[in-house]
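Each value in this text was obtained by applying a stated rule to the coordinates, not by laboratory testing. Here the structure is a predicted model, which means the values were calculated and not measured. Cβ placement follows ideal geometry from the backbone for every residue including glycine, while neighbour counts extend to all protein chains displayed.
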Amino acid sequence: MIYEIRTYNLKPRSVPEFLRRTGEKIDARITYSQLGGFWYSEIGPLNQVVHIWPYQDLNQRATIRAQVVSEGIWPPDNNEFLIDMNTEIFNPASFMMPLGERKIGPIYEMRTYLYPSGAMSSVLHAWDKSIKQRQKLSPLAGCWYSEIGNLNKLVHLWAYSSLEERMSIRSEAVERGVWPPKSPILPVSQESKILLPADFSPMA
């Protein structure tokens, strides 16, 4: 299984109309392959949407994308709102649940860490030893490491019921020594943004 994470930067004030047009076509699109989730930014880079699509492999991705374009199913007519688009292919961490219908938000924090070259296997091993205790505090929505695009990247997505809960849980995890995972390998850089689910997102 691979996951395509697509990030679009939109013109200011265009997000509501972008989501409306996308929502009109999403039911037809997901008859071809599953949508993992669809979010828009609330804190961090503004006027941004992030959508995640799972595929069995790169061949299935190429086949489905060609089919929906040729049949006029996808993409929605949103070009006028786009500033730029970025897509990356990720592998799922062994401990993450597959994306699907889950109401675990509505606050999602997407954190992106870059690690030194060659460190990813050790990082994932440390996460694997700590993640069960961390998930007793709040659910992990997803965790991926890069396959195509910027390498040595770890993206993790956490769900919370509110911003207040996020602050409380993060403090508790640190105080109890549950999180972050105990590892000598530190990220080279870290980024975080708060996302809200679109009305049609299977993860809400």
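Details
- Computing Cα extents along the principal axes in Å directly from the structure and comparing it against (i) 91, 35, 33; (ii) 51, 33, 32; (iii) 51, 36, 28 singles out (iii).
- Once the Cα atoms are used to define both axes, helix 15-29 deviates from the longest principal axis of the chain by about 80 degrees.
- Taking label positions 7 Å along the Cα-Cβ direction at both residue 21 and residue 163, the computed distance is 3.0 nm, reported to one decimal.
- Secondary structure note: in segment 2-197, about 100% of the DSSP beta bridges are antiparallel.
- Packing-based exposure ordering (other Cβ within 10 Å, fewest first) of 88, 42: 42, 88
- Potential extension, residue 192-residue 1 segment - 0.36 nm per residue separation minus Cα distance: 66.3 nm
- Helix axis angle, 163-175 relative to the chain longest principal axis, alpha carbon, degrees: 30
- Reachable lysines from residue 153, criterion Cα separation under 26 angstrom, eight or more residues apart if same chain: 129, 132, 136, 182, 193
- Signed unit charges on C-beta, dipole axis of the chain, positive-most listed residue 74, 62, 114: 114
- Efficiency of FRET between residue 97 and residue 69 - r from beta-carbon atoms, R0 30 angstrom, step 0.05: 0.50
- Ranking 171, 198, 133 by how far each Cα lies toward the positive end of the dipole of segment 106-204 (charges on Cβ) leaves 133 at the top.
- C-alpha long axis of helix 120-135 to longest principal axis of the chain, angle in °: 80
- Distance (nanometres) between label positions extended 7 Å along Cα→Cβ at residue 28 and residue 57: 3.0
- Only the Cβ atoms of Lys and Arg (+1) and of Asp and Glu (-1) were treated as charged; on that basis the dipole of the chain about its Cα centre amounts to roughly 500 debye.
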